[in-house]
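A short write-up of the structure that comes next.
The values are calculated or read from the model by the stated rules, or taken from the named source; none is laboratory data. Since this is a predicted model, take the numbers as computed values, not measurements. Cβ placement follows ideal geometry from the backbone for every residue including glycine, while neighbour counts extend to all protein chains displayed. Side chains included, ligands, DNA and RNA excluded: accessible areas come from the protein's heavy atoms. Shrake-Rupley method; radii C 1.70, N 1.55, O 1.52, S 1.80 Å.
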There are 2 protein chains.
Amino acid sequence: MSTEDGFDFAALVAGGGDRPRTASEFVQRALRTAILEGRIPPGTPLRQEALAAAFDVSRMPVREALRQLEAQALLEFTPHKGAVVAELSAQDQADTYLIRRALEPVALARSIPHLTRDDLDRAEDLIADMDRESDHGRLGELNRRFHLSLYAHAGSPKLLRLVERQLTEHDRYLRFHLAMMGRDRMSQDDHLAMVAAAAARDIEAATVVLQRHIDVAAEDSARFFDR
Amino acid sequence: MSTEDGFDFAALVAGGGDRPRTASEFVQRALRTAILEGRIPPGTPLRQEALAAAFDVSRMPVREALRQLEAQALLEFTPHKGAVVAELSAQDQADTYLIRRALEPVALARSIPHLTRDDLDRAEDLIADMDRESDHGRLGELNRRFHLSLYAHAGSPKLLRLVERQLTEHDRYLRFHLAMMGRDRMSQDDHLAMVAAAAARDIEAATVVLQRHIDVAAEDSARFFDR
DNA sequence: CATCTGTTGATTGGATCCAATGTTAAGTCT
DNA sequence: AGACTTAACATTGGATCCAATCAACAGATG
């Protein structure tokens, strides 16, 4: 059954968390996390019929889910050809870092004055979790949650949603990156330094570290796409 | 016929530009521009049946269009209640400016070295067009195109898409803003200064003007939401 | 032999029908 | 009279069916 059509969609059906109220949302979430975690490789064509069968729904909720994911740039739609999981490209990856570098320091700077001791503790916990975690998919999520925890009090929901989105897209590349680099201790030093600077309410130091953190990650990752 | 259900959807049917290949896309574009240009007020409930009748299609392409617009944050979906045009809020507006201020200078700086004489001429043409234009809806589009024309050569498609999105969302507020302020000569001075700086390849000067331009617009607009 | 064309199969787009849910309003009971 | 229950309606969510489009392949023609 795993040689269906290049990918075993049935494996996606075990949706975690709270069961969504609508089938459309159910499909949307399952596909979304599957794509983000790299479980459906870029370029995979998404046949509506196959997905409908895998999720045991009709084609309609599948179509709605695909439309939503298209608007999130996770897949590409061609009028009468269907949907394909969006490709990863060096250009796209570079752009993601460019955007993160512009947005995240702003979020961090605005958030630092309002961070509580609890927030900082949780951030440190996440760093510890990352040290323990070995699965690449979950590591990306922990990294995302760590960054977001420091930006949480920026008081700009729209900015945060945007940053979150960039971080999730970054996940797709990070996963790819880690898979080739083996386990990395990454920039945990940077992470710790950021928390320390935040605790000291030193906005300047924290943003400098963050920018360098992103720049280094950008350079590292760029190498994997030089081909 | 204009007292249908609070809004005359039939007036949207005259879609400009190239006719889309699919009904879904047709509906999506029409609704999108209508919302952006403020022709459908925030908070308006979008009944699928009414839209389908107005566009002379079935409810299905309408549903797909609504899903896409939801993912673009132009309307809000509630499971069994339906879609409502997204509200404008002071917070959201402030966030939009925050994001623009972070992203646009980056795009401009990267684009300036590659701008051609033609690009600059077109930018100046757009400024002239804005002087002549009186309709608020179109003015917003011209303003958007002006900004984008200066960023066009940034070489970062993803960044540009994001900036374009912020500018279109900004349009909704700009329209609201202009409607109360009467005709304004706005920041055409800033626009001219930006083109001049770009022509001189003076990245520093251009980005400074742009940042101030955005800051001033942010402060101006914020007043209208103090209530 | 290459190219063009017509035909068949696969897949998506759209329409209609039915089920599920939410809302409203009437009616009943305290 | 006020609050709760329940029944009708309106609206959305989902399934199935049909039409339109695209891709692949076979055959004809230069």
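Below is a table of values for the structure above.
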{"item": "One residue from A:Leu167, A:Leu174, A:Leu160, A:Leu150 being over 20 Å from A:Gln72 (Cβ atoms) and either touching a Pro at 6+ places or on another chain (Cβ under 8 Å) or touching a residue at least 24 places away in the same chain (Cβ under 8 Å) (or both)", "result": "A:Leu150"}
{"item": "Residue, most open to solvent (accessible area, probe 1.4 Å), within the stretch A:70-106, restricted to residues that are among the acidic types (Asp, Glu) and either on the phi > 0 side of the Ramachandran plot or more than 16 Å from DNA strand D (Cβ to nearest atom) (or both)", "result": "A:Glu87"}
{"item": "Breaking point among (1) more than 14 Å from chain B (Cβ to nearest Cβ); (2) at pLDDT 95 or above, for A:Gly137", "result": "(2)"}
{"item": "Count of the stretch B:70-86 residues which are within 19 Å of the chain's Cα centre (by Cα) and within 13 Å of chain A (Cβ to nearest Cβ)", "result": "7"}
{"item": "Restricting the stretch A:26-50 to residues that are within 11 Å of DNA strand D (Cβ to nearest atom) and hydrophobic (A, V, I, L, M, F, W, C), the residue that is surrounded by the most Cβ atoms within 10 Å (Cβ to Cβ)", "result": "A:Val27"}
{"item": "Residue within the stretch A:47-60 that is among the charged types (D, E, K, R) and at pLDDT below 90 present", "result": "no"}
{"item": "Residue match in the stretch B:154-170 (condition: within 14 Å of chain A (Cβ to nearest Cβ), more than 17 Å from B:Ala198 (Cα to Cα) and touching a strand residue (DSSP E or B) at 6+ places or on another chain (Cβ under 9 Å))", "result": "no"}
{"item": "Residue within the stretch B:107-129 that is farther than 18 Å from B:Ala193 by Cβ, within 14 Å of chain A (Cβ to nearest Cβ), touching a helix residue (DSSP H, G or I) at 6+ places or on another chain (Cβ under 9 Å) and surrounded by fewer than 20 Cβ atoms within 10 Å (Cβ to Cβ) present", "result": "yes"}
{"item": "Close pairs from the stretch B:69-81: first without any contact (Cβ under 8 Å) to a residue 40 or more places away in the chain, partner within 14 Å of DNA strand D (Cβ to nearest atom) and among the aromatic types (Phe, Trp, Tyr), Cβ under 9 Å, at least 6 apart", "result": "B:Glu70/B:Phe77"}
{"item": "Hits in the stretch A:53-69 - residues which are open to solvent by less than 50 Å² (accessible area, probe 1.4 Å), more than 12 Å from chain B (Cβ to nearest Cβ) and assigned to a helix (DSSP H, G or I)", "result": "A:Ala54, A:Phe55"}
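For every residue, the table says whether it meets (1) touching a helix residue (DSSP H, G or I) at 6+ places or on another chain (Cβ under 6 Å); (2) surrounded by 19 or more Cβ atoms within 10 Å (Cβ to Cβ); (3) within 25 Å of A:Ala102 (Cβ to Cβ).
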site: B:Arg132; (1), (2), (3): no, no, no
site: B:Gly137; (1), (2), (3): no, no, no
site: B:Ala154; (1), (2), (3): yes, yes, yes
site: B:Asp171; (1), (2), (3): yes, yes, yes
site: B:His191; (1), (2), (3): yes, yes, yes
site: B:Val216; (1), (2), (3): no, no, yes
site: B:Ala222; (1), (2), (3): no, no, yes
